[in-house]
Amino acid sequence: MEYFSSSSSVLISLRNRVNSYLSEYEPILLVVTPLTALLIASTLHSFLNHIQNQGFKSAFIGFFMNSIKLIPFVKNYIDAEKQKVVDKMQSGGKSKRDGWQTELPKVGLGGHVIDKLREEKEKDVAWQGKCSGTVYIGGNDSERHFSLINEAYSMFAHTNPLHQDVFQSVVRFEAEVVAMTAALLGSKETASGGQICGNMTSGGTESILLAVKTSRDYMRTKKGIRKPEMIIPESAHSAYDKAAQYFNIKLWRVPVNKEFQADVKAIRRFVNKNTILIVGSAPGFPHGIIDPIEELGELASSMGICLHVDLCLGGFVLPFARKLGYPIPPFDFSVEGVTSISVDVHKYGLAPKGTITEWSGGLYISPTIAGSRPGGLSAGAWAAMMSLGLEGYLQNTREIMEVSKQIQKGIKEIPELFIIGRPDMTIVAFGSNDLDIFEVNDIMSSNGWHLNALQRPNSTAVFSGVTNRLMESQWHLYLLQCPLHICVTLQHVSVVEDFLRVLKEAVQTVKANPGPVKGGMAPIYGAAGKMPDRGMVHDLLVDFMDSSC
């Protein structure tokens, strides 16, 4: 009893002293001060987290821009300027949605809907032979291989592989497509362990999402990792950002090396106890160079982590290019340490759009994100692979590889341009130190050629004579040298000479008359490259998307 009495006296004495001390302050101050301290601590904690994830410069710029946007007239000015850019991207501010159907027609069109489809299709860009990537099948969309896969797709358009007991045919087609593709990618090799499983998905993004989720679940079971992290090259596809967001995984993007490949040494420095996955590409996007998959495999094996190889573009070229004698470094399940691969059957596999095979090495696999899926895609992929066969794919690969080398040679012969690195496959990236390459792209577009203009660099810095000062690191060098690329397909086989002629003329036009082309995208790409606040670029794209669809 004496103990409790003594303790009570001490507490009462302490309370009286504190009350006496605080009585000198305003009550409102006593309420506001801890709240203010809490707000400052929360802001500082958020800022420090952003520094850890994005770096000090990016965090400071983002904090500064967000702060000044709180000023009403500044925010209004920024919003008005963003809208000007969005309007320019829409070629005059007219929304593409004008005239779109927003309600069901009172009376259905019946069979005349086919006429309406043809009418709308005629408004599409003339893509035959003039697009980078996009369409991988040769010829036009009403003959030969096009007709074959269209017929196969329509024959099974009503089917759904989810109902395996009903649509047994498409289940078999899917299983055989998976098995045939796995065989191309080393499933028979000792390093694969003979345990290659797979799923057909709706596209590259879903395929990557599945590979990341599979790795997360596997590493949680194997190592008990609850705060997963993954490491990817800076050039890796944005689907990994989406996967990180969906599955609550911390993402580290690491600069590429001077050869424009995944930097294995840099990646190694980011590996820690929470690392579940590293990523390599074959070929890498957007420069078309294969990452050092063997070195990445050694790293993954030694660290006991997963390695995903992004073969979405190269999966149906590299195996055949290797058979044809091209110097292709190891890239598939023959490399020890590779645990999953994604490959697009609908690109160089010449199957219908939307067929991707996602592979998971080992015993842990996930079902596809989509439950019901169109069985016609499986049937179309099966028809494409069976109709072409090994010899067909070898012939296609021979043609596109030869065209790729021809384009590289032609670009090297244009003094104002240079090739980025040494392309391993069918993506040829090129830039210029003498002129604004985005203006060249606008001239090409006005002539019907649709190349891929790549974001960041600041194009003015490339040709203003300060390039060397900006090359403070290998990563800056990569950014400055990769503004355009062409992804070679069978569509380009018959038009390669015309492409090189138009490109040469476009370069000479820009050289003689530098300055933005009316209605072109060069000023927008230039502005985006110079924006220090990447969040503003994000806002521009979101506003453009919202007003366009």
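The values are calculated or read from the model by the stated rules, or taken from the named source; none is laboratory data. This is a predicted model, so every value here is computed, not measured. A quick note on method: Cβ atoms are made from the backbone with ideal geometry, for glycine too, and the neighbour counts reach across all protein chains shown. For the accessible areas, the whole protein counts, side chains as well, though only heavy atoms, and no ligand, DNA or RNA atoms are used. Shrake-Rupley method; radii C 1.70, N 1.55, O 1.52, S 1.80 Å.
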- What FRET efficiency do you get for residue 164 and residue 67 if R0 is 51 Å and r is their Cβ-Cβ distance, rounded to the nearest 0.05? 0.35
- Message: Assuming 0.36 nm per residue, please report the length gained on full extension of the stretch residue 144 to residue 323 beyond their Cα-Cα distance.
- Response: 61.9 nm
- Query: Hey, what does the equivalent ellipsoid look like for segment 149-389, semi-axes from the Cα gyration tensor as sqrt of 5 times each eigenvalue, largest first, whole Å?
  - Reply: 29, 20, 15
- Fraction in percent of alpha-carbon pairs per bin - 10 Å, segment 294-343: 28, 49, 21, 2
- Message: Once you place label points 7 Å from the Cα toward the Cβ at residue 124 and residue 155, how far apart are they in nm?
- Response: 2.3 nm
- Message: Multiplying the sequence separation of residue 391 and residue 504 by 0.36 nm and subtracting their Cα-Cα distance, what value in nm do you get?
- Response: 37.1 nm
- Item | When the convex hull of its Cα atoms is projected in every direction, mean area for segment 214-293 (nm²) | 5.1 nm²
- At q = 0.10, 0.16, 0.18 Å⁻¹, what is the base-10 log of I(q)/I(0) for segment 144-247 according to the Debye formula with one equal point scatterer per Cα and no solvent? Please give it to two decimals. -0.44, -1.00, -1.13
- Restraint check, 223/250; 222/250; 265/412; 121/242; 323/412, Cα-Cα greater than 22 Å: 265/412; 121/242; 323/412
- Between residue 434 and residue 253, take the C-beta separation as r, use R0 = 35 Å, and let me know the FRET efficiency to the nearest 0.05. 0.70
- By accessible area (1.4 Å), largest first, 36, 159 order as 36, 159
- Message: Under a crude label model (7 Å from the Cα following the beta-carbon direction), how far is residue 83 from residue 494 in nanometres?
- Response: 4.8 nm
- Message: So, R0 is 60 Å and r is the distance between the beta-carbons of residue 8 and residue 242; what FRET efficiency does that work out to, to 0.05?
- Response: 0.50
- For residue 234 and residue 37 in one chain, what is 0.36 nm times their gap in residues minus the Cα-Cα distance, to one decimal in nm? 67.2 nm
- Note on the structure: Taking every DSSP bridge whose two residues both lie in segment 149-389, the antiparallel percent to the nearest 5 is 35 percent
